[in-house]
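Data first, discussion second: the structure below is written as structure tokens.
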Amino acid sequence: VDVRIIEPQGLRYVHVPNSLGDHFDGITTISKGEKKAHISFKPTMAQQRKCPKCSTTAVDGNFVVQYDVNRETTGGELEIFNGYFIHFFAPENLDPLPKNILFVIDVSGSMWGLKMKQTIEAMKAILSELRAADQFSLIDFNHNVRCWRDNLVSATPAQVEDAKKYIQTIHPNGGTNINEALLRATFILNEAQNLGMLDPNSVSMIVLVSDGDPTVGELKLTTIQKNVKQSIKDEYSLFCLGIGFDVDYDFLQRIATDNRGMAQRIFGNQETSAQMKNFYNQVSTPLLKKIQFNYPQESVSDVTQSSFHNYFGGSEIVVAGKVDTENLQHLESIVTATAANAELVMETLRDVEELDGFMKKDKYADPDFTRKLWAYLTVNQMMAERNSAPTAALKRNITKSILQMSLDHHIVTPFTAMLIENEDKDEIMLADQPKDPRRGCCPGTLGLTPNAPNNNKGIPSWANVTAVPVSFMPEQRSPPVSSVSINRVDNDPHFTIHLPKSQRNICFNIDSEPGKILNLVSDPGTGVVVNGQLVGAKRMENKKLNTYFGKIGFYFKNKGLKVEITTKTITLKDGSYGITLKWSDTGHIIRKQLLISVKRESNVTITVGEEMSFMVLLHRVWKKHPVNVDFLGIYIPPENQLSPEAHGLIGQFASEPEVYIHHQRPGQVPEKPQANMEVKGNKFTVTRGLQKDYRTDRVLGTDVPCWFVHNSGKGFIDGHYKDYLVPHLYSFLKRP
């Protein structure tokens, strides 16, 4: 990492905190001059390893650079360059305004353990920092909402100590009722305002701490957002802390920016307490309120947000716009704001030529930095406007403007992708993408690579299905719809083989042992292998230990690529090169025209050109379930272009066998008739039943009728199921 700082005002300090841990002590170098600084972080490969023989990296965190400039005027500093101005505003030596603060803390069952312990520790430290002029209260919520005090109280030592004791008694359990908790907080502030209990110069705010989505009460996020907006009425700010990776952070961002606040994700680990305190420090010292920037209209246009609800100590307000420098010798700004017991009026003035000459003298200076910063601020402002747009039509128009601005100025937004391309320009990785491409305003804006399939952003159409209800008939041919026309292995493990010519589904189960590896596809002709390793349930039920696929391996021999999918990670290996995504990620990996698409906590699709594709589905269970474990299901379309040499429990049916079903008759259970099946010279009895397709509903699944072959598919598959056991996750099947 190379960071170069160029500031014409002069540098007051440059600091690089040890955010990556003691492992990297002494590696960062800082060279600081009067107006320039250079920070370098270049650990060797050996220094990056967790231990001398480890293959994992110790570089895990944010590399942070902090600095400030010399500030000579209370009205801030104006920078003018290449037709744009930037106004940096960070006044000092102001007395803090008193604040009225409601802490709203999630104490649902998911907060149990380290997250709750760290939250309590942070809250005790935060309460100690309240000033005597502040007023506060606490609300904790799960499926119910409780108030430490029903109204705001002064932050006296006695009240603060009592609040700490109350927090110490919290025990997480139950669901999450975010809507009622926030409305209770807004009620307390609104009532205090109506009763004249709030200092006119004070700043009011709510701080929400939560780690999950609503599960009790109002569940619709847009309704919660609307309720809170109507209750707050732009009178005070809402700040949100989202703990962990399971929280809907996008929702917290929307509801915070919609109410003059901001959100921050807190990583649920040993540093949770420190992260919470750092966030609180950003909003704990309000210095100004109702700030308004005014510029001469005859020489300035397209100004970004110029009015602000609050200014907090240690932060900085930035305003940007276009300026007509041909008819301007200087630019002035008048800033008005409310400080402690006073109205402030501050004036700033900046000569046009000074920055222009300074920037042209430095080879590291970016000649477009003012334009880029203006564009970035404009996009952020439009994002906030989009969140509060009253109509769908207005929201679509703002989205189009955001998209155009982001493409024109190369800014990553929720509606654009960021691609990383190698030097040879033959490999592209999607580093960031729209959260839900289907909700984008403009089709065709997300391109992966010229050679990747372009149907639904590279994901095959069969992987995006609509559930089709099927009615039961004794010999109903499988309807030719995408929800059933698929080969699949799911659950315990249940195999379903779709025969396209006869439009039938044939199913069977395999009962084997944990740790065994079953070959699903082995095709020497195309060089493709798909194997699944079994994992056992936590204990036996009905004298039987259920097994599931806990790991699935793909080997594309002709490309030299291996893909390993477990219930925790998705890993692509190319020789010594490897990249890993977690199920908590949403993203794509492209290498040698193989596309891996990960949908967060849902599924992975692997697409190989136009020839073949696969989907792996994730099944999560309750971690404390006494029996069940997380497992995987795999879905393989019969249209995959395998060679005539293909074999395996699924691969052998790439060449569809002739299947004859006759003599249907009632079974022992009326809903499950029986019939005779003839296939591959074998004759045996099959039973009509239902299997599940979990692509559209991962909890209940979609019923798919099939003929069930007993005894682990004996007679339908070639040989015995034990013939399909292989020694390694990437082994080809050895046929006799």
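The values are calculated or read from the model by the stated rules, or taken from the named source; none is laboratory data. Model, not experiment: these values are computed from the prediction. Cβ atoms come from the backbone with ideal geometry, glycine included; neighbour counts cover every protein chain shown. Note: areas computed on protein heavy atoms with side chains; ligands, DNA, RNA excluded. Shrake-Rupley method; radii C 1.70, N 1.55, O 1.52, S 1.80 Å.
A compact table of results
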| quantity | calculated |
| --- | --- |
| Estimated [θ] at 222 nm from DSSP helical runs (n ≥ 4, -39500 (n - 2.57)) normalised by residues in the chain, nearest 500 | -5500 deg cm²/dmol |
| Sequence of Lys516, Lys289, Lys559 from largest to smallest accessible area, 1.4 Å probe | Lys516, Lys559, Lys289 |
| Length gained when the stretch Glu421-Lys290 is fully extended (0.36 nm per residue, less Cα-Cα span) | 42.6 nm |
| Segment 26-76: trypsin sites (Lys or Arg not before Pro) in DSSP loop, at most 15 other beta carbons within 10 Å | Lys50, Lys53 |
| Loop-resident sites, segment 259-293, for chymotrypsin sites (Phe, Trp or Tyr not before Pro), counting at most 14 other Cβ within 10 Å (DSSP) | Phe267 |
| Average Cα contact separation per residue, segment 2-70, under 8 Å, 6 or more apart, as relative contact order % | 45 percent |
| For the chain: relative contact order, % (alpha-carbon pairs under 8 angstrom, 6 or more apart) | 9 percent |
| Sequence-separation-based contact order of segment 494-724, relative, with Cα cut under 8 Å and 6+ spacing, percent | 18 percent |
| Rounded if a/c under 1.5, otherwise prolate or oblate - segment 224-281, Cα gyration tensor axes | oblate |
| Accessible area in the full protein assembly, largest first, 1.4 Å probe, for Ile232, Ile420 | Ile420, Ile232 |
| With DNA, RNA and ligands ignored, accessible area of Thr586 (1.4 Å probe; Å², nearest 10) | 60 Å² |
| Solvent accessible area, Å² - Met418, 1.4 Å probe, full protein context | 80 Å² |
| The chain - share of DSSP beta bridges that are antiparallel (%, nearest 5) | 85 percent |
| Assigned charges on the beta-carbon of Lys, Arg, Asp, Glu; segment 99-284 dipole about Cα centre (debye) | 120 debye |
| Residue order for Val64, Val319 - accessible surface, 1.4 angstrom probe, largest first | Val64, Val319 |
| Dipole of segment 503-572, positive end: most advanced residue of Leu520, Gly532, Gln503 [Cβ charges, Cα centre] | Gly532 |
| Zero-based 10 Å bins, Cα pair distances in segment 579-736, whole percents | 8, 26, 34, 24, 7, 0 |
| Only Lys, Arg (+1) and Asp, Glu (-1) charged, at Cβ; segment 2-70 dipole about Cα centre in debye | 200 debye |
| Diffusion constant of segment 135-247 at 20 °C, which comes from Stokes-Einstein with the Kirkwood Cα-pair radius and 1.002 mPa s, µm²/s | 142 µm²/s |
| Given charges at Cβ of Lys, Arg, Asp, Glu: the chain dipole, positive-most of Leu198, Ser307, Gln48 | Gln48 |
| Sulfur and carbon atoms: percent of accessible area, the chain [1.4 Å] | 49 percent |
| For Glu421, solvent-accessible area (1.4 Å; no DNA, RNA or ligand), Å² | 90 Å² |
| Alpha-carbon spread of segment 117-192, three principal axes, descending order, Å | 34, 32, 14 |
| Cβ-based charge dipole, segment 99-284, positive-most Cα from Tyr280, Leu252, Leu219 | Tyr280 |
| Cα centre as origin, Lys/Arg/Asp/Glu Cβ charges: the chain dipole, Debye | 3180 debye |
| Cα-based equivalent ellipsoid, segment 1-158: semi-axes from gyration tensor eigenvalues, Å | 39, 31, 14 |
| Segment 224-278-segment 563-621 distance, computed between alpha-carbon centres (Å) | 31 Å |
| Å² of accessible area per residue within the chain, as computed with a 1.4 Å probe and no ligands counted | 49 Å² |
| Equivalent ellipsoid dimensions for the chain as semi-axes, Å, which come from the Cα gyration tensor, largest first | 57, 32, 24 |
